[in-house]
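One structure is given below, encoded as structure tokens.
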Amino acid sequence: MAQPLMPHATASWLVDNTALSFEQIADFCGLHILEVQAIADDTASTKLTGRDPVRAHELTLEEIEKGQNDPDYRLKMSKGPDQIRRTKGPRYTPVSKRADKPDGIAWIIRNHPEISDGAIGKLIGTTRTTIAAIRDRSHWNIANIVPKDPVTLGLTSQRELDAAVAKAAKAAGIEAPVDTRLEGDREALLEQLRAEREAASRDTTPGVELDRDTLFKS
């Protein structure tokens, strides 16, 4: 399924300017629902500037209205600009986040030793030499490296990490670990969203139609 050119920035705009559920936004932007929740709670590692998908011709107001009227509706992307494909080579990481890479690498090595150095390099955007140095603790800054979740650091997405873990587990002939720590939070969040939507529907005054430009002002 096609995704917006800038999924995190698009998710930020949809959170701020629509009544779509986090689940709908996550599905449309190709993100994990907890990533959308972090954006909404301003706990994301980087403060995002929203990107209007309507002006970018990736989504129509009609689609947004359908989604707001039906929590189970899945938004359909309009034909937008061609996606820019990343060329072969390490993933680009902003300068401000490059110092976090060793911490993210150390976290993967500690929690998912089955993931190969090549796969870690693609996830984090680093070299095999750096990974090997962290593995054998010969890295020049090893004393200051603290394992931290690379998703929290903004170095990769939860979906990409989960895919890498599943692929590595399959290759190693082991069962992929299932992280259920956040399942309760996720279900509670979805239930809260449904309750808020129902309350908003009951409180809406009949016959009053909100101006479309006011609802979707960027």
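Values quoted throughout were computed directly from the atomic coordinates according to the rules given, and no laboratory measurement underlies them. Owing to the predicted nature of the structure, the values given are computational and were not obtained by experimental measurement.
Return a whole-number percent for the relative contact order of segment 91-172, with Cα pairs under 8 Å and 6 or more residues apart as the contact set. Display every interim value, and only then the final one.
Values: 91 pairs, mean separation 34.1, N = 82.
RCO, segment 91-172: 42 percent.
Using only Cα coordinates, the Kirkwood hydrodynamic radius of segment 114-170 works out to 12.1 Å.
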